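Scroll down for the structure; my scribbles are underneath it.
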Amino acid sequence: MQMIRHAVALIALLTLASATYADENSAKLSDAVKSAKVSLDTGLRASAREGKPISGKYELEDGKLLLSVYTVKAAKFYEVVVDHTTGKIAKTEEITSGDDLTAAKEQSAAMVHAKKSLRAAVRAAQKAQKGFRAISVVPELKASHPVATITLSKDHETLTVTEKLD
């Protein structure tokens, strides 16, 4: 019985540590995005030169802020990194394997059914949530309907909303 209590306590501690780590990362990302001169909407528009945008997000990689957009063109998937200070494409790489390819295929499948662009979904979410800035947009199919999950940030507050894409 005591072993079960220790196991439950350990699980609770790990859950708390994980949540604290996620909160710290969210706060760091929120702070970094404040310095970005280019919005997610603008990044999606810039990346369209490399194909149809199927998702986009700001992320911290090795402590540096990146604006990453997945695109699809001619049945191939790409990660397009947009310079968050100029809005110009910094790098484009084909996605050929792993979790990134799996995610890109799922996102592309959702966007096939979409009548509304990710840019329009991001603008609608930001309009409804005054003062918040979009930090990610990811499409998916829910009950056979495409929706975009948009994460927004203001100061250290993070909010997730969904927008219908059909």
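The modelled label-to-label distance for the pair A48/T85, using points 7 Å beyond Cα in the direction of Cβ, is 2.7 nm. Counting 0.36 nm for each residue step from D155 to A27 and taking away their Cα separation leaves a gain of 45.3 nm. A simple spin-label model places pseudo-atoms 7 Å from Cα toward Cβ; at K164 and S144 they are separated by 1.6 nm. Taken along the Cα-to-beta-carbon direction at a fixed 7 Å, the label points for T102 and K76 span 2.4 nm.
What does the charge count near E50 come to, summing +1 for each Lys or Arg and -1 for each Asp or Glu among other residues with Cβ under 13 Å from its Cβ? Taking every Cβ under 13 Å from that of E50, the sum is +4. Can you pick out the pairs among K34/K164; K130/K154; K52/K91; K28/K88; K76/K116 whose Cα atoms lie more than 19 Å from each other? Too far apart for the 19 Å limit: K34/K164; K28/K88; K76/K116. Solvent-accessible area assigned to carbon and sulfur over region 20-166 amounts to 49 percent, based on a 1.4 Å probe. For the pair A109 and A128 in one chain, pulling the backbone fully straight at 0.36 nm per residue adds 4.2 nm over the alpha carbon distance.
The values are calculated or read from the model by the stated rules, or taken from the named source; none is laboratory data. Please read all numbers here as calculations on a predicted model, not as lab measurements. Every residue, glycine among them, receives a Cβ derived from its backbone with ideal geometry; neighbour counts consider all protein chains shown. Surface accessibility is based on the protein's heavy atoms, side chains included, excluding ligands, DNA and RNA. Shrake-Rupley method; radii C 1.70, N 1.55, O 1.52, S 1.80 Å.
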